[in-house]
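Here is the structure we will look at, set down as structure tokens.
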Amino acid sequence: MYQLKINDLSEQEFLTQFWQKKPLLIKQGFSNFQDPLDANELAGLAMEDSIESRIVTNHNNEWQSHQGPFEDFEQLTEQHSTLLVQAVDHWHNDAAQLLEPFRFIPNWRIDDLMISYSTPGGGVGPHLDQYDVFIIQGEGKRHWQVGLPDPSLKQFTQNKTLLQVEAFTAVIDCILEPGDILYIPPGCPHEGYAVENALNYSVGFRAPNQQDLLSSFADHIIDTESGQKRYTDHNLTLRESKGELSDTEVDKVKVLMQALLNDHTLFKQWLGTTLSQPKHDMDLMPVEQPFNAAQITDAINSDDISFERLGGTRAIYQQTADELLVSVNGENYSVPNSDLNAVKLLTDFTGFNAQQLKNTAPSLVFIEIFTTLINEGIWFN
């Protein structure tokens, strides 16, 4: 397990002083850092159809981006090239452990673990991200420059594939060595290129925008056949102009639409579904012979069984007046409020043992849901 040390800051001090405010260089955030994989393993993942990957090259300042999966790695040249693989936490359990030290940020905000391997001079150029990211240096060294947000900076597209930003003033200019970490808030321009063959691990955080949220909410309304109430105007009166849409009518339409957002149950059901939905494919392996609730109960009563959560799983919960709404990978489940401690084991930890679960005295409803999750391969023992 990796132990994170944020310079001399506590986690709360980091959140107060730096989170979404300004970048921070964390020297030896992970002391005695050991890479969870090597370049060959990363390349193996990039050959899989279900895993998103690309190779970016910048020979003679001519930028090219090639999408995976890859049958060979001719484009990964000895200089000025980078292999990037998304959501490695979904496919590589050891690499997924790198997310754990950052879970002082709420689970639903964590997006995925992207890993890159660069040859000397390799990178993706100066750019902006609209989300927070921690960049962990693994094998090798990488030179980074990071600036502060500047609305006047112009972005442009290199070779129709790479969105980059013009030159910026750096407030951090450093060479990362194994175990060093760079925190970069949204909107901060940054550029990194390898000094020598280098592995980098990027812990990214999701930050949905209004358009994404409203689009998703509209889809949920359609899927659940909600929002059937129609516009009415019982107190309609004559007006001078037949073509006018009055402010009163505009407000009535707003109220009609706002009623859906104010539907507490509908809103929470949608939010649980959308915020727990994985962005990438998962390495699911459903059990061949499904278990029943009685078998899982027997397992819980056993002292030598541990349960682990599949990498990339998103599990969150919301409290309501009557029950707990548990959301796992886009599916909602309702359990009694008495199951709060059992639910916390599912959502707050990537693994627990049978005794810990037994101590929560889970209800039959919870055990049936847990049985379903095990049969789907989301939890396993």
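The values are calculated or read from the model by the stated rules, or taken from the named source; none is laboratory data. As the structure is a computational prediction, the values presented were derived from the model and not from experiment. A quick note on method: Cβ atoms are made from the backbone with ideal geometry, for glycine too, and the neighbour counts reach across all protein chains shown. The protein model used for the area step is the full one, side chains on, heavy atoms only, and it has no ligands, DNA or RNA in it. Shrake-Rupley method; radii C 1.70, N 1.55, O 1.52, S 1.80 Å.
Answer yes or no as to whether Gln277 is open to solvent by 50 Å² or more (accessible area, probe 1.4 Å) and outside any helix (DSSP H, G or I).
Yes, satisfied.
Out of the residues in the stretch 318-334 that are in contact with a helix residue (DSSP H, G or I) (Cβ under 7 Å, 6 or more places away or on another chain) and closer than 25 Å to Asn93 by Cβ, which is most open to solvent (accessible area, probe 1.4 Å)?
Tyr333
A quick yes/no check of all residues on (1) polar (S, T, N, Q); (2) surrounded by 17 or more Cβ atoms within 10 Å (Cβ to Cβ); (3) in a loop (DSSP other than H, G, I, E, B):
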{"site": "His143", "(1), (2), (3)": "no, no, no"}
{"site": "Val146", "(1), (2), (3)": "no, yes, no"}
{"site": "Ser152", "(1), (2), (3)": "yes, no, yes"}
{"site": "Phe156", "(1), (2), (3)": "no, no, no"}
{"site": "Pro178", "(1), (2), (3)": "no, yes, yes"}
{"site": "Cys188", "(1), (2), (3)": "no, yes, yes"}
{"site": "Gly192", "(1), (2), (3)": "no, yes, no"}
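Among the strands (runs of 3 or more DSSP E) confined wholly to the stretch 54-124, which include 1 or more residues that are charged (D, E, K, R) and out of contact with any Ser or Thr (no Cβ under 6 Å at 6 or more places or on another chain)?
Passing ranges, in order: 62-67, 110-118.
Taking Asp173, is it open to solvent by 80 Å² or more (accessible area, probe 1.4 Å) and either in a helix (DSSP H, G or I) or in contact with a His (Cβ under 6 Å, 6 or more places away or on another chain) (or both)?
No.
Condition test on Leu266, is it of a type outside the set (Asp, Glu), under 30 Å from Tyr231 (Cα atoms) and part of a helix (DSSP H, G or I)?
Yes.
For Thr237, indicate whether it is modelled with pLDDT under 95 and surrounded by 10 or more Cβ atoms within 10 Å (Cβ to Cβ).
The answer is no for Thr237.
Please go through the stretch 214-230 and pick out each residue that is exposed (fewer than 13 other Cβ atoms within 10 Å of the Cβ) and closer than 13 Å to Leu260 by Cα.
Leu214, Ile222, Thr224, Glu225, Gln228, Lys229, Arg230
Look through Ala315, Ala354, Ala299 and report the one residue that is surrounded by 16 or more Cβ atoms within 10 Å (Cβ to Cβ) and in contact with an Asp or Glu (Cβ under 8 Å, 6 or more places away or on another chain).
Ala354
So, of the residues in the stretch 1-35 that are open to solvent by less than 20 Å² (accessible area, probe 1.4 Å) and part of a loop (DSSP other than H, G, I, E, B), which turns out to be nearest to Ala95 (Cα to Cα)?
Ranking the candidates gives Phe30 first.
What are the residues in the stretch 74-86 that are in contact with a Pro (Cβ under 8 Å, 6 or more places away or on another chain) and either buried (at least 21 other Cβ atoms within 10 Å of the Cβ) or modelled with pLDDT under 95 (or both), if any?
Of everything in the stretch 74-86, just one residue is in contact with a Pro (Cβ under 8 Å, 6 or more places away or on another chain) and either buried (at least 21 other Cβ atoms within 10 Å of the Cβ) or modelled with pLDDT under 95 (or both), namely His80.
Using the structure shown, decide if Gln258 is in a helix (DSSP H, G or I) and open to solvent by 70 Å² or more (accessible area, probe 1.4 Å).
yes
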